[in-house]
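Asks: I am attaching a structure below and will ask some questions about it afterwards.
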Amino acid sequence: MCCCCGCADRSTIVKVACGAGHTICLDDQGRLHVFGTNRFGQLGTLDKQVKKVPFCVRDAKFFGNQVAPRFEDIGCGENHSVAISSTGEVYAWGANKHGQLGLGDTADRVHPTPLQNFKKKTTALACGSIHTVYITSEGELYVCGFGEHFYPKANPSATGTGGGGIPGDTKKDEQNFYYEPTIIPFPNGDRIKQAACGQNHILALNCTSFGGSVCLGSCRLQRVLTCTLSLLSCVYSER
């Protein structure tokens with residue numbers, strides 16, 4: 001598939017991710033091509049206008065006047081988008097009401113924004129409706145966004161460490177939101193290499209020789225498969 005969305009040269013699309021109404025494509029040169037709904041800035045085009053044809057997000061203005069990174073992976077939640085650069089840095093944009101971007105607040109972003117508070121080299125990602133999963137080169141799994149089913153009951157005074165909540169905010173309805181990437185401690189010390197998200201659950205593929213899978217969410221951190229797996233996929237429905 002060749003790109004025809006305004007880039008000076010033609011390129012091949014190598015990966016596609018879809019949200020509720022928007023689509024992100026990644027080409028073989030590490031560039032983003034976006035189209036669809038944009039109410040929350042999920043296209044990363046510095047505005048909130050619908051794009052009916054693919055638009056190439058490549059200029060420095062979309063990255064804080066910095067050189068655009070070369071991306072290697074992409075993901076879409078319901079109304080947010082995330083991407084991993086070739087150096088393992090995470091960028092996120094779009095809806096952020098529930099902290100799903102992992103930027104430490106609830107402000108939406110209209111352009112790809114680096115997670116400067118997350119220094120881990122990231123090798124894989126996955127998005128649920130309003131939560132995001134990041135997997136590091138060390139096999140650790142981090143989650144941000146709506147985390148009611150993923151963590152113990154939150155301590156509203158903590159953030160970024162499994163507690164959740166904005167510092168100083170003691171609202172009970174904020175306790176299930178995690179505004180920074182928060183590590184999931186696996187009981188068996190599993191090292192994770194891939195994950196897939198549903199609306200309220202996560203499947204994580206570990207690095208053991210048998211390729212087992214661990215489920216987080218409604219199944220309460222149970223090992224659900226012991227067969228060899230190479231690919232995970234989940235779906236979610238409207239809330």
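Asks: Taking just the alpha-carbon atoms of region 73-152, what radius of gyration and Dmax come out, in angstrom?
Replies: 11.3, 34
Asks: What is the sum of charges, Lys and Arg at +1 and Asp and Glu at -1, for the other residues whose Cβ falls under 13 Å from the Cβ of A92?
Replies: Surrounding charge for A92 is -4.
Asks: Let me ask another. Within region 27-156, how many Lys pairs that are eight or more residues apart, or on different chains, come under 27 Å at the alpha-carbon?
Replies: Lysine pair count for region 27-156: 16.
Each value in this text was obtained by applying a stated rule to the coordinates, not by laboratory testing. These numbers come from a predicted model, not from an experiment. Ideal geometry is used to build each Cβ from the backbone, glycine not excepted, and the neighbour counts take in all protein chains shown.
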